[in-house]
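Only one structure is covered here, and it is reproduced in the block below.
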Amino acid sequence: MKHGTRGVAALGYMLQVPTEDRFLMTKKELENKIAVLLGGRVAEELIFRDISTGASDDLLKATDIAKSMVKTHGMSQIFGQVHLEDGRAPIFLQNPQHSYCREYSETTAQEIDAEIRCIIDTQYVRATQILGA
């Protein structure tokens, strides 16, 4: 038996605590998480000058974080301290085809989409700058 041998180690990896495992996260922490999630897509574009389906799960997670920032956590420049999460209609009012009820206008929905896109785009630019493009 050799002393001091610990096996094969990884050359490098990053481990993040999942958002759902933390009780509190700041706006900056969430923005950082989005930038990290977008880093793989940015790297593909920088190295291969093309994109693949490889980043689809990261894009989903980044979008979900941005959506929660805007709709749930009051971290939006446009909407401020407002909770905009879609609610469920009471069971007796639910139509099987329309089980969610939106409590805001179509115009507000479009503004929410634009704010989510702005957060994602800003962090994409940031990830691009960090990776040296």
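Observations, loosely collected:
- Neighbours by Cβ (under 8 Å, 6+ apart or cross-chain): first from segment 43-60, of a type outside the set (D, E, K, R); second part of a loop (DSSP other than H, G, I, E, B): 43/131; 46/131; 46/132; 46/133
- Per the conditions (1) touching a Gly at 6+ places or on another chain (Cβ under 8 Å); (2) modelled with pLDDT under 95; (3) among the aliphatic types (A, V, I, L, M); (4) within 26 Å of residue 24 (Cα to Cα), the sole criterion not satisfied by residue 55 is (4).
- Number of positions in segment 65-88 that are of a type outside the set (Val, Ile, Thr) and in contact with a Ser or Thr (Cβ under 9 Å, 6 or more places away or on another chain): 8
- Counting only residues that are at pLDDT below 95 and among the aromatic types (Phe, Trp, Tyr), segment 94-133 holds 2 of them.
- Number of the exception - residue 84 against (1) modelled with pLDDT under 95; (2) surrounded by 11 or more Cβ atoms within 10 Å (Cβ to Cβ); (3) closer than 17 Å to residue 131 by Cβ; (4) not hydroxyl-bearing (Ser, Thr, Tyr): (3)
- Scanning segment 1-49 for residues that are acidic (Asp, Glu) and at pLDDT 95 or above yields 29, 31.
- Filter result for residue 65 (outside any helix (DSSP H, G or I), closer than 19 Å to residue 121 by Cα and either at pLDDT 60 or above or polar (S, T, N, Q) (or both)): no
The values are calculated or read from the model by the stated rules, or taken from the named source; none is laboratory data. Owing to the predicted nature of the structure, the values given are computational and were not obtained by experimental measurement. Using ideal geometry, Cβ is built from the backbone for each residue, glycine included, and neighbour counts are taken over all protein chains shown.
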